[in-house]
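The values are calculated or read from the model by the stated rules, or taken from the named source; none is laboratory data. Because the structure is predicted, anything quoted here is derived from the model rather than measured. Virtual Cβ from ideal backbone geometry, glycine too; neighbours counted across all protein chains shown. These accessible areas exclude ligands, DNA and RNA; they are computed on the full protein's heavy atoms, side chains included. Shrake-Rupley method; radii C 1.70, N 1.55, O 1.52, S 1.80 Å.
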Amino acid sequence: MNRHMASSIASTTLLSGLIWWILSDGALESWIIGVPAILLIVGWSLSQQNSFQSLPRFFGLLEFVPYFLWESLRGGIDVARLALAPSTSINPCFISFDLQLPKGPAQRVFINTVSLLPGTLSADLLGEQLIVHRLRGASDGDQDLRECERRVARMYGLTLTDADPGQSSAGALRP
Amino acid sequence: MTLELLSVLLAIAGVVFFFAGALGLLRFPDVYSRLHALTKADNLGLGLIVMAAILQSSSPAQWLKLILIWLMVMLSGAVTCHLVARRARRIDSRVDKTLESNARQEESGA
Amino acid sequence: MMHLFDLLLILGLLSFATLSLTVRDVFTSIVLFISTGLIIALTWARLGAPDIAIAEAAIGAGLTGALLLAAWRRLQPAVTDQRTHCRNGSSSPTGADDERH
Amino acid sequence: MSELTSGPALLAWLISLPLLGALTSIALKHGGRWPALAVVIANLGLACWLLASTQSAPLRYALGGWEAPLGIVLYADTLSAMMIGITAFVGAVVSWYSLDYFTRDSSSERTFWPLWCLLLTALNTLFLSGDAFNLYVGLEILSLSAVALVTLSSGLEAIQAALRYLLVSLMGSLCYLLGVALLYQAYATLDLALLAEVSGSGMLERAALALMVAGLLLKTALFPLHFWLPQAHAGAPAPVSALLSALVLKATFYLILRLWFDTLADAATQMGSLLLGLLGCIAILWGSLQALRAQRLKQLVAYSTVAQIGYLFALFPLLNDPRVAGAAFDSVIYFVIAHACAKGAMFLAAGNILTAAGHDRLADLRAANLPSAITLFALAIAGVSLIGLPPTGGFIAKWLLLQSALQVGAWWLAGVVLLGGLLAAAYIFRILAVCFDISPPPAAMQPSSQGAIVSAGRQWSALILALAALALGFLAAPVLDLFDANLVTD
Amino acid sequence: MSTSLLFSLCGIALFLLGLYVALTTSAMLRRILAINIMGNGVFMLFIASAYQRGEDGVLITDPVPHALVLTGIVVAVSATALALTLVCRLHELSSASHEGPE
Amino acid sequence: MNATDANSAVPPLGRSLLAIALVGIGLVLGWALWHQANAQASLTATVMTELPNSGVTNPVTAVLLNFRAFDTMLELAVLLLVAVTAGMLGERRTAPAGERPAETVSVSPLLLSLTRDLTPVMILVSAYLLWVGAKEPGGAFQAGAVLASAGVLAHFSGRSWRSDHRDTSIRMLLVLGTGAFLISALAMLGVTGTYFDYPVAWAGIWILAIETAATLSIAVMLYVTFCAVMPGGDRP
Amino acid sequence: MTAYLIGLVVLLLCTLLLGLVRVFSGPSRADRMLASQLFGTTGVAIIVLLALITDMNGLHDVALVMAVLAPITSVAFVHMAGDEQR
């Protein structure tokens, strides 16, 4: 636990320091304010419940970012095409998706990413079930979501217990 | 010169996405679909415009600050989108349940 | 060209403000007011006053919006049990009208 | 700069001391009253010192050493010293009264002292500041703390009155600020003295003056704009009503006086003065009539304030006339200080009656409800001063007014003043009639009529203010000497 | 027409619009919004007067109005917050007195 | 029902008269401004001349914290006044008779994580605005408002900061901002002999210290006020 | 080039006015709130472009503050908007 704590403090400090450096344009004397602020942040994050959060691995992050950018580009183009098309051909529905990622930061990153994938939007979280809104009907299955989940898992260095995509339920909830 | 041209092109693309987002907001049939339009198109639009601005600025801290702005918008966009959808869905499901009883009440009242 | 921008900004500002003050539903009024605050922040940025634009962004986007929504919520007529059913006709003396479609 | 600091630094102390009191009072969990009281007493001392030191020459102090167009300059002549003096005096007496008025360590009491200190800060700022925008901030503190003080009585009506008061004074402040913005746009200065030098009588100055004065009139509650006053002044706790009626209205009136006859004198027209005078006359009659019809004691006193504000403005046409301007100014200042003492005494006494009887419905009040002869005495003297009978301060004020009105042949004004005096006599006698009504109170009132016992301090403080109003009648010559010593008119 | 004048006129329009609504509406929340709009109109007049171009077309802004407006914004926010607290309190008291103690 | 007409306290005739009067005022003001448009008066030159003596290089901050520091002190007093009053009114709020019971909707884990991620950024941005205010746009008020927003966000995710104005520490924070101004002004009166007159060499660091105090204080004052307006009172 | 950018800013302002229609027509409160979310993001974009046009780097801080505080109103809305019939 102590190692966790130390690494948590170290990563918080580093990240805050980096952001401070960005904000202050690297001005040296700015640390008069910057250091107390960072100490405040470290103190604050220690006071939070379960403040030890696992972090993405560095190389995993490098691998994930291009995928994420590409997918959000696709998502944007997709929805823009729908909006600009002369007739809206959307067929919205909800599907329920069984999460395999454990609770924690990885799961939340996944949920947030889902909203930026083409055609999907995370609408609610009920236990281990993510309710996803799809623009183009339920027929597509959930290959894209599985793929995304796997990539998030890889970024965090997790292995999913059930990697078989065909098993999960992808039933339409509401037309 | 080509850099400037590229920058303007990126900015134009960004504005197109913003336009599409606004249009989607107007044309899509329900809250959830509109949320799609907003989060995706706007975040992409802002990303392109930020890229355009990065091409024109010189200091690395400036680039990173612009990227930070974009990341913040994206993070809060994704989360608020989820929260709004969640609220709308929970209200919808409650309305579904009470709709029948309300209808029954109104019938007996009329 | 910049004049066109100015005119559009002023047009937007005036129309947002007018709508915010005349629209019937108070909630819409508040949302429009928050948006007006945003356009005002843009105007400050346009007029070379970034200090004030930051203050307006922080206040308009953050605090005033939250404050107004909180107050609006407290002014809603009390609904005790039937949560989905807005009680009709109970107009409060402060004039908070609730939304009906 | 440095050789000036010993004297003029007094001005800086006059504004920072009450603020210091407010801060200490908030910081202390219990017993916030002690720093506040200390500050009020020290403020009284400083005010006397200021009165003494303005006798030779006006004081001037540039805050932070930054001179006028850039920084804020404080400025004091005998007029402002007089206002600060009366504020300090009435404030001190009301503080004494408040010691026993609020329940110890209740949330109202803990909030009262800091708010009162902030109100004092605002009053001193308004009397001393020579900067148009600084005055705006001062006005905002003044109205916000006044509103907050009204909310100390927790009833529905009080909150309603406070809200209305708040919205009205916000609108007034914004009108004032718009005028400031126009002036800044034209002259790029906020300093009143500099503005007085450079401003002319163009359209812009007229518009700015009109806006600023309109905003201030709203806060001063001149006739058509008085609608918020009766509820707010009647609904507030007694010491707060006394402060509002005696001091807060006077501060905004003082600003109108400064703007109209000093800073933007070139833009002020004869027509405008006449209009204000006319409104003042209507206010005298209207306020008195409403006071005659009032159901409750505090309401009656509040309406009487509307009438008394009318006298101040009725003098405006005379102030413009060079033949009688001096006497008219004397009359204005006398109205202000005599009314401050008399109205303060009236509200404090009314508070005593309210506590003793448990209500203040005039129809149900009897002599038996009066706490003691001291309160009765205070009511009577204050009433006589409000009517304007000799030998009180109110009489001197009216005498000066009538004299100058007759000298310039403003018969209509003299007529209105006499009529106002008669009406005032009528409503004051409504109060005094209660005091001599020894019939038993209505039976229905019996159980609740036994209110709390009113402490001696509360009764004596009311009497002191009333006696001050009386003393002003005897001390007219020395007081006016103090005032005229070094007045800078136009 | 110069930019400064254009925005000054816009500020006046906002002020009058707010004033009109503040005087005619009876809904308190809206009246508070209207007063805020009035304030923004006045601020715009200040900021517009600070916006000036030098002879060579370089933007020179006068910092004093900016500082004044910043102070004004803080004051406006405080006043709005106080008004909102009072409105809420009033609503609670009046609904309690309408329905009686429950 | 609450139709638009029921919302107006003024009869139609009065409203149209008022509208005409306001349009008239607008025309007069517009006309006056039109004629004034070429005046171009400003204090820019004066400020720029004195800027080196102010201790900071952002002219707006110089005006706010040095040339017109008295205004700023009073402005903080206004905020303080409102926070204290709102706190008192909130304290007086009794059990909700007409108020709905506290929200039963659970806080989404996503909102919690948003708070967790965003709060450090908000603190950093606030500190940055505070620091940068000396030379570029920014300053105590902006910083305080951002910090208060972090508190508001925490409030919504069910992790309220401590906000009871009866707490000694909270009350100290409330008076900290105004107090810093006042104490420094009085100290300068004692040291240099002039109220609010900072020695040029120390002005920069001195102003930064005052601004830091003001930032914390502004944040707490705004947050306390916000909690007083929130439904359900200031207790979580 | 500046002219192009100004043209783009004008277009962005137009999309703001487009969004106004959604605030106005609703139908649900969430829709109105969504539109104001749109205004927030568009506002950030406009400020970034304005910073390019006028070469004022201070404007980036305005955009940063807007971006960081954007979720506050939306979260407040979700917390307080209560229920409604759709």
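Condition check for G:Met56 on (1) open to solvent by less than 10 Å² (accessible area, probe 1.4 Å); (2) in a loop (DSSP other than H, G, I, E, B): one failure, at (1). Filtered by the rule that a residue be out of contact with any Phe, Trp or Tyr (no Cβ under 7 Å at 6 or more places or on another chain) and not polar (S, T, N, Q), segment A:70-82 gives A:Trp70, A:Glu71, A:Leu73, A:Arg74, A:Gly75, A:Ile77, A:Asp78, A:Val79, A:Arg81, A:Leu82. When segment C:24-40 is filtered for residues that are within 7 Å of another protein chain (Cβ to nearest Cβ) and either of a type in the set (A, V, I, L, M) or part of a helix (DSSP H, G or I) (or both), the ones remaining, listed by number, are C:Val26, C:Phe27, C:Thr28, C:Ser29, C:Val31, C:Leu32, C:Phe33, C:Ile34, C:Ser35, C:Leu38, C:Ile40. Each residue in segment E:1-22 was checked for being more than 14 Å from F:Leu22 (Cβ to Cβ), open to solvent by less than 10 Å² (accessible area, probe 1.4 Å) and within 7 Å of chain C (Cβ to nearest Cβ), and 2 pass. Once segment A:143-156 is narrowed to residues that are in contact with a Ser or Thr (Cβ under 8 Å, 6 or more places away or on another chain) and open to solvent by 10 Å² or more (accessible area, probe 1.4 Å), the residue that is nearest to A:Leu62 (Cα to Cα) is A:Tyr156.
Filtering D:Ile84, D:Ile72 for residues that are open to solvent by less than 10 Å² (accessible area, probe 1.4 Å), in contact with an Asp or Glu (Cβ under 6 Å, 6 or more places away or on another chain) and β-branched (Val, Ile, Thr) leaves a single hit, D:Ile72.
Here D:Thr392 clears all of (1) open to solvent by 10 Å² or more (accessible area, probe 1.4 Å); (2) among the hydroxyl-bearing types (Ser, Thr, Tyr); (3) within 26 Å of D:Ala283 (Cβ to Cβ) except the condition numbered (1).
Between a first residue in segment D:178-189 that is more than 7 Å from chain F (Cβ to nearest Cβ) and a second residue that is outside any helix (DSSP H, G or I), which pairs have beta carbons less than 6 Å apart while being 6 or more apart in sequence or on different chains? That search, which allows pairs on different chains as well, returns D:Thr189/D:Pro69.
Looking at segment D:14-22, can you tell me whether even one residue there is assigned to a helix (DSSP H, G or I) and either more than 30 Å from F:Val84 (Cβ to Cβ) or free of Cβ contacts under 8 Å to residues at least 24 places away in the same chain (or both)? Yes; the residues of segment D:14-22 include at least one that is assigned to a helix (DSSP H, G or I) and either more than 30 Å from F:Val84 (Cβ to Cβ) or free of Cβ contacts under 8 Å to residues at least 24 places away in the same chain (or both). If the condition is being facing chain F (nearest Cβ under 7 Å), open to solvent by 10 Å² or more (accessible area, probe 1.4 Å) and among the hydrophobic types (A, V, I, L, M, F, W, C), then segment E:74-102 contributes only E:Ala96. For segment E:34-49, taking the residues that are within 21 Å of E:Val77 (Cβ to Cβ), more than 8 Å from the chain's Cα centre (by Cα) and not β-branched (Val, Ile, Thr), the one that is surrounded by the most Cβ atoms within 10 Å (Cβ to Cβ) is identified as E:Leu45.
Does segment D:371-384 contain any residue that is in contact with a Ser or Thr (Cβ under 6 Å, 6 or more places away or on another chain), under 28 Å from D:Phe483 (Cα atoms) and part of a helix (DSSP H, G or I)? Within segment D:371-384, one or more residues are in contact with a Ser or Thr (Cβ under 6 Å, 6 or more places away or on another chain), under 28 Å from D:Phe483 (Cα atoms) and part of a helix (DSSP H, G or I). Within segment D:153-174, none of the residues are crowded, with 24+ Cβ neighbours inside 10 Å, closer than 24 Å to F:Ala45 by Cβ and within 11 Å of chain F (Cβ to nearest Cβ). Figure legend. Inter-residue proximity from segment D:389-405: first residues closer than 15 Å to D:Leu422 by Cα, second residues assigned to a helix (DSSP H, G or I) and not aliphatic (A, V, I, L, M), beta-carbon distance below 6 Å, spacing 6+ or different chains. Indicated pairs: D:Leu389/D:Phe395; D:Gly394/D:Ser385; D:Phe395/D:Gly473.
Residue-by-condition table, conditions (1) open to solvent by 30 Å² or more (accessible area, probe 1.4 Å); (2) modelled with pLDDT under 90; (3) closer than 22 Å to B:Lys65 by Cβ:
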{"residue": "F:Gly144", "(1), (2), (3)": "no, no, yes"}
{"residue": "F:Trp161", "(1), (2), (3)": "yes, yes, no"}
{"residue": "F:Asp164", "(1), (2), (3)": "yes, yes, no"}
{"residue": "F:Phe181", "(1), (2), (3)": "no, no, no"}
{"residue": "F:Met221", "(1), (2), (3)": "no, no, no"}
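Within segment B:1-18, the set of residues being open to solvent by 40 Å² or more (accessible area, probe 1.4 Å) and touching a Leu at 6+ places or on another chain (Cβ under 7 Å) comprises B:Leu3, B:Leu6, B:Ile12.
Just one of the numbered conditions (1) open to solvent by 30 Å² or more (accessible area, probe 1.4 Å); (2) farther than 20 Å from D:Tyr176 by Cα; (3) of a type outside the set (A, V, I, L, M) is not true of E:Thr25: (1). Here E:Thr71 does not qualify as over 11 Å from the mean Cα position of the chain (by Cα), within 16 Å of C:Thr18 (Cβ to Cβ) and at the interface with another protein chain (Cβ under 7 Å from one of its Cβ atoms).
Only one entry of G:Leu18, G:Leu12 meets the criterion of being more than 30 Å from B:Ser93 (Cα to Cα), open to solvent by 10 Å² or more (accessible area, probe 1.4 Å), of a type outside the set (D, E, K, R) and within 7 Å of chain B (Cβ to nearest Cβ), and that entry is G:Leu18. Applying the criterion of at least 2 residues that are crowded, with 18+ Cβ neighbours inside 10 Å and basic (Lys, Arg) to the helices (runs of 4 or more DSSP H) found wholly in segment D:226-296 leaves D:249-258. Tallying residues that are more than 15 Å from G:Val68 (Cβ to Cβ) and either touching a Lys or Arg at 6+ places or on another chain (Cβ under 9 Å) or of a type in the set (A, V, I, L, M, F, W, C) (or both) within segment F:133-155 yields 3. The condition of being within 7 Å of another protein chain (Cβ to nearest Cβ), in a helix (DSSP H, G or I) and over 16 Å from the mean Cα position of the chain (by Cα) holds for C:Leu4.
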